[in-house]
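Chemist: Here it is, the structure, as structure tokens.
Taken together, the values in this text are just the output of simple stated rules run on the coordinates, not laboratory data. Because the structure is predicted, anything quoted here is derived from the model rather than measured. In this analysis, Cβ positions are derived from the backbone assuming ideal geometry, glycine residues included, and neighbour counts consider all displayed protein chains.
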Amino acid sequence: MPATTQKSYYERYWLEEAAGHSGNVQGYAANFRAWMARQLHGLPNQARVLEVGCGDGAFTRDLARFSRQVTALDLSAAQIQQNARAYPDIQFQQHDLADPLPFPPDHFAVIWCSEVLEHLFDPAFAVREMHRVLAPGGRLLVTVPYHGLGKNLLIALLKWDAHFAPNNPHLRFFTKNTLRAVVAGAGFARIVLQTCGMGKPVRDLFIPTNILLTAEKGWRPKT
């Protein structure tokens, strides 16, 4: 969709339906936070952290537990304003991920991008930009909805219309292999993928709901 249309869509998305979209109300939230804590344990508290697609700041607050220099981006200007009022110690900035990230190369130690890539027309471009602004040795943490064989069969049998409805904000549907390919294609190395669920042990055992990816920007040889 055109950028102006997408921006107005996400202004309404957060203004009218924030309660349902917030990461705080999702079943995977506890799993995401536990994974974040494992990945960021020992991070220096002055390390620069970038959140790409912060929404209502549900996970931004958690990132701020590990670093005093968190910058959070989102497309919705109205939501960014609300976040800035709620969390004045965090730097919030409106940004469209269809455009280059407004930061110099090698700037951040960590980038957190949770449940965002599936909303983008060109997720590969956004990931390449994340690689550009991440410092050598820096870590990328990404989550997206999981699409594997079992889940895809259930979608085809039971929820095809709802899953692919025109009003579904998800534009891209990732498997482990396709997410890995996008991240590797951007130049990242040491890619590790795992899955998690919604805090329902039996269901989660057979049908994960989310992919969790960690990757690293390699060190460039000195010239």
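Chemist: Under the rule of at least 5 residues apart or a separate chain, name every residue whose amide H is placed under 5 Å from the amide H of residue 95.
Modeler: Hits under the 5 Å cutoff: 74, 75.
Chemist: 5 Å is the cut-off here: which amide hydrogens, built 1.01 Å from N in the peptide plane, fall below it relative to residue 114, excluding neighbours closer than 5 in sequence?
Modeler: Excluding prolines and chain starts, which carry no amide H, the hits are 52, 143.
Chemist: For residue 189 and residue 45, FRET efficiency with R0 = 25 Å and r from the beta-carbon atoms, rounded to 0.05?
Modeler: 0.45
Chemist: Could you give the dipole magnitude of the chain about its Cα centre, charging the beta-carbon of Lys and Arg +1 and that of Asp and Glu -1, in debye to the nearest 20?
Modeler: Its charge dipole is roughly 840 debye.
Chemist: Ranked highest first by the average count of other Cβ atoms within 10 Å around their residues, in what order do 81-94, 47-60, 26-39, 102-115 fall?
Modeler: Averaged packing, sorted descending, gives the order 47-60, 102-115, 26-39, 81-94.
Chemist: Next question. Among 62-74, 193-205, how do they line up by average Cβ neighbours within 10 Å per residue, starting with the highest?
Modeler: Output ranking for 62-74, 193-205: 62-74, 193-205.
Chemist: Amide H neighbours of residue 197 under 5 Å, counting only residues 5+ apart in sequence or on other chains, H built in-plane at 1.01 Å?
Modeler: 209
Chemist: Restricting to Cα pairs below 8 Å that are 6+ residues apart, what does the relative contact order work out to for the range 20-136? Please round to a whole percent.
Modeler: Rounded, it is 24 percent for the range 20-136.
Chemist: Taking the Cβ-Cβ separation of residue 9 and residue 93 as r and a Förster radius of 22 Å, what is the calculated FRET efficiency to the nearest 0.05?
Modeler: So the FRET efficiency works out to roughly 0.65.
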